[in-house]
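No value in this document is a laboratory result; all are computed from the given coordinates. This one's a predicted model, so the numbers in the text were calculated from it and none came from an experiment. Don't worry about glycine lacking a Cβ; one is built from the backbone with ideal geometry, like all the others, and counts go over all protein chains shown.
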Amino acid sequence: MPVHRRPSWRLPESDATPEQAVLAHGEARRANPSRRAILGGAAGLGIAAAAGGYAAFAQGRDPMGWWDAQAGNDPTKPLYPAARNDRFALDRPLTEPREAVTYNNFYEFGSHKGIWQAAQRLETRPWTVTIDGLVPNPRTVDIDTLIKLFPLEERLYRFRCVEAWAMAVPWTGFPLASLIRWAEPQAGAKYVVFQTFQNPAIAPGFRQTWYPWPYTDSFTIEECGNELAFLATGVYGKPLPPQMGSPIRPITPWKYGFKQPKSITRISFVAERPVGYWEKLQPSEYGFWANVNPEVPHPRWSQASERMLGTGERRPTMIWNGYGEQVADLYRGLERERLFA
Ligand SMILES: Nc1nc2c(c(=O)[nH]1)N[C@H]1C(S)=C(S)[C@@H](COP(=O)(O)O)O[C@H]1N2
Ligand SMILES: [Mo]
């Protein structure tokens with residue numbers, strides 16, 4: 001099937017070139033939001049209407065207020081905060097939560113970083129996840145049932161986008177390996193595909209038909225079994241906010257962020273290597289493995305260094321995003337493949 005390709009200057013992640021320009025724009029809007037933008041944003045949203053009056057107005061401006069309201073209604077709220085697993089510690093301070101929840105990539109809600117308000121339209125309950133493909137017992141599970149199958153824990157991870165911005169966040173969730181074991185994949189299952197929700201009624205990105213919706217990406221079964229591979233259901237001690245992929249998303253911190261689809265509704269076990277969303281869109285720029293490497297530049301972004309959200313601090317990029325000790329062995333014998341970017 002032919003895939004409509006946009007010229008590279010119109011490609012989605014190039015909206016962030018130069019990154020500073022986008023950040024400055026976002027900050028200017030935040031500092032001086034137009035009343036119309038605030039009311040317009042709030043009007044489309046059930047909780048804002050329920051809060052009413054000034055509260056809704058203030059909440060419309062305050063991403064932390066939105067998050068608290070949403071987290072307050074979350075059926076899994078009593079599971080937070082989960083105990084921290086100290087084996088996953090960090091070499092740098094955590095990113096300010098406000099920065100992490102207001103600078104996002106979630107193309108279903110728009111191809112820019114300021115989608116957090118638009119994403120509040122995502123209704124994360126009821127929510128189901130379908131487990132299918134090469135498993136003995138394909139099934140669709142309610143998210144609250146699924147989350148309660150596995151004990152939650154907190155881990156501090158680095159997170160790196162191929163656009164060269166980075167953050168350091170405390171995810172809450174459970175090992176991806178636990179879910180894989182529970183699903184009991186058959187011997188022929190070699191890859192695991194994660195698929196994002198698809199509801200054009202609430203997310204304007206789906207009208208941009210040149211994108212290969214739904215957003216999917218995949219890992220090998222071996223990668224899913226690595227101790228770092230995680231299914232995040234929360235961040236900063238609370239259930240995930242919609243803009244960060246509520247109610248559940250995979251996290252593989254040694255890979256670029258685009259490999260990790262948000263707001264998952266399907267996990268499929270398959271035999272053949274799938275082609276993910278970005279690789280479908282632009283195979284010359286995005287590959288299957290997409291492991292972090294400072295020496296392999298993306299055509300539009302040097303990967304030599306990264307910029308921390310919030311502080312703007314520049315740090316040298318680390319190969320495997322600093323997780324070589326845990327993951328490098330996964331790639332022995334695969335040196336001839338395009339392992340990076
Ligand atoms: N469904 C979906 N998942 C997605 C994306 C997206 O556009 N849609 N963007 C990816 C990219 S490019 C990055 S860098 C991370 C960003 O995660 P964050 O916004 O929570 O920091 O989400 C990834 N997962
Ligand atoms: Mo990204």
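Here ARG338 and TRP210 are evaluated by their C-beta separation; at R0 = 22 Å the FRET efficiency comes out at 0.35.
Full extension from SER305 to SER178: what is 0.36 nm times the residue separation minus their Cα-Cα distance, to one decimal in nm?
Numbers: separation 127, 0.36 × 127 = 45.72 nm, distance 3.36 nm.
Using 0.36 nm per residue and subtracting the Cα-Cα distance, I get 42.4 nm.
Under a 5 Å amide H cut-off, with hydrogens placed 1.01 Å from N, TRP301 pairs with nothing among residues at least 5 apart or on other chains. The label-point distance for ASP142 and ALA187, in a model that sets each label 7 Å from Cα toward Cβ, rounds to 3.8 nm. By its C-alpha gyration tensor, with a ≥ b ≥ c as the square roots of the eigenvalues, how is segment 192-341 shaped: rounded for a/c under 1.5, else prolate for a/b larger than b/c, else oblate? Rounded, because the longest to shortest axis ratio a/c is under 1.5. Taking a Cβ cut-off of under 15 Å around ALA271, the surrounding Lys, Arg, Asp and Glu residues balance to a net charge of -1, with basic ones at +1 and acidic ones at -1. Paramagnetic label reach from ARG125 (point 7 Å along Cα→Cβ; backbone nitrogen cut-off under 19 Å): within segment 236-280, residues 236-249, 263-265.
Sorted by mean Cβ packing within 10 Å, highest first, what order do the peptides 83-96, 303-316, 265-278 take? Don't jump to the answer; show the numbers that get you there.
Values: 83-96: 13.1, 303-316: 15.4, 265-278: 18.6.
Averaged packing, sorted descending, gives the order 265-278, 303-316, 83-96.
For the pair ARG314 and ASP62, a Förster radius of 45 Å applied to the C-beta separation gives a FRET efficiency near 0.95, rounded to the nearest 0.05.
Quick one: net charge of PRO250's neighbours, Cβ under 13 Å, K/R +1, D/E -1? List each step's numbers first, then the result.
Details: positive: ARG249, LYS255, LYS259, LYS262, ARG266; negative: ASP217, GLU223.
Charge balance in the 13 Å sphere: +3.
Among PHE258, PHE194, the order by Cβ neighbours within 10 angstrom, fewest to most, reads PHE258, PHE194.
Each listed q (0.17, 0.20 Å⁻¹) maps to a log10 I(q)/I(0) for segment 128-178 from the Debye sum over equal C-alpha point scatterers, namely -0.74, -0.85.
Summarising the amide proton neighbourhood of VAL135: residues at separation of 5 or more, or on other chains, whose placed amide H is nearer than 5 Å comprise GLN186.
Positive contributions from Lys and Arg (+1) and negative ones from Asp and Glu (-1), summed over other residues with Cβ under 12 Å from the Cβ of LEU79, come out at -1.
If you average the sequence gap of Cα pairs under 8 Å that are 6 or more apart and divide by the length of segment 109-260, what percent do you get for the contact order? Result for segment 109-260 is 27 percent.
Between VAL296 and ASN73, what is the FRET efficiency for a Förster distance of 56 Å, r being their Cβ-Cβ separation, to the nearest 0.05? Using R0 = 56 Å, I get an efficiency of 0.85.
Residue by residue, segment 212-227 carries 3J(HN,Hα) couplings of x, 5, x, 5, 9, 7, 8, 10, 6, 4, 5, 4, 5, x, 5, 4 Hz when phi is fed to the Karplus relation 6.51 cos²θ - 1.76 cosθ + 1.60 (θ = phi - 60°); x denotes Gly or Pro. Relative contact order of segment 129-204: 28 percent, from C-alpha pairs under 8 Å at least 6 residues apart in sequence.
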